[in-house]
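Only the coordinates and a few stated rules stand behind these numbers; no lab work does. What you see is a predicted model, and the numbers here were worked out from it, not measured in a lab. In this analysis, Cβ positions are derived from the backbone assuming ideal geometry, glycine residues included, and neighbour counts consider all displayed protein chains.
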Amino acid sequence: MARFAEVVTQTFRSFTPEALSERLFGDSLDDWWQEYVTTLEKSDYTGQVQTAFFITTFAAMGRLAKVDGRIHEKEIALANSVMDHLKLDPGQKRLAIRLFNEGKQSDFNLDTVLNRFFRLCRHRVSVLQIFIEIQLQAAFADGALTEKEETLLSRMCKRLDVSHSIYGRIERRVRTDKLGQNYQPATRRQQPMSLADACELLNVTRWTSRQDIKQAYRRKMSQHHPDKMLANGAPQADVDAATEMVQEIKQAYEILCKAKKII
């Protein structure tokens, strides 16, 4: 019965509305995505990771700015500061503004764009974390993190395989920066990783067999192991981010081992 429950759960997971939407409208997304890639390449903004980061960052910022009802001037100013930080030329800035405006539309399929971003950048852990940090900075631009913004950020993290604890560390860093040095992170107690968090991180369920949990753990470790990334010539920032992720994976596995009594 437990095995049957796992199969059913995994089956329905594969048919989320976002996954179905991507299958149905994949060609439309491909054309939309490629148009931006081609335009960026003409302006000498090249590289698969760089263009994916550019497209997703500004589209997501637009959605985040609009999610609580209206766009604040400080959110627009934050978007402009990101453009300046990336040293965009006038043409690239116009493209970023266009993405921002598209992203804020209620019918914009952000989940599908995030899925594409993750497929292209899943091995660049630091890039995914920088993306989340920028979105958090955008959310805090008006001085507060609203419930709707937090819900959207949580959805982004889920799409990009950023764990709750890593998100928490980034959030506390951004919050401290925005609220000043007088803010004491210790006043917000960090929640320990739960069994549900551990399952999500390793992409398993409560009913997954012991052997499959071990395989999921090894697969995750292989994907994020810093020695492997270092051998492949990954930037030091990615190696550092992978080292942090490995600690999260080990913690998740230990939690599941205790729950399943794995020896």
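Remarks
- Using the Cβ-Cβ distance between ILE97 and HIS123 with R0 set to 25 Å, the FRET efficiency works out to roughly 0.25.
- Charge sum, other residues only, whose C-beta stays under 11 Å from GLN92's C-beta, Lys/Arg counted +1 and Asp/Glu -1: +3
- When peptides 57-63, 130-136, 244-250 are ranked by their average number of other Cβ atoms within 10 Å per residue, the highest-first order is 57-63, 130-136, 244-250.
- THR146 versus ARG70: modelled label distance in nm, points set 7 Å from Cα along the beta carbon direction: 1.0 nm
- Reachable lysines, given that their alpha-carbon falls under 27 Å from the alpha-carbon of LYS214 and they are not under 8 places away in the same chain: LYS158, LYS228, LYS250, LYS258, LYS260, LYS261
- Normalised alpha carbon radius of gyration of the range 25-187 [divisor 2.2 N^0.38 Å]: 1.01
- Neighbour net charge for GLY62 - beta-carbon separation under 12 angstrom, K R +1, D E -1: +2
- Estimated distance in nm for a label pair at ARG169 and ILE130, the labels positioned 7 Å out from Cα along Cα-to-Cβ: 1.8 nm
- Sequence ranges 104-115, 140-151, ranked by mean other-Cβ count within 10 angstrom, highest first: 104-115, 140-151
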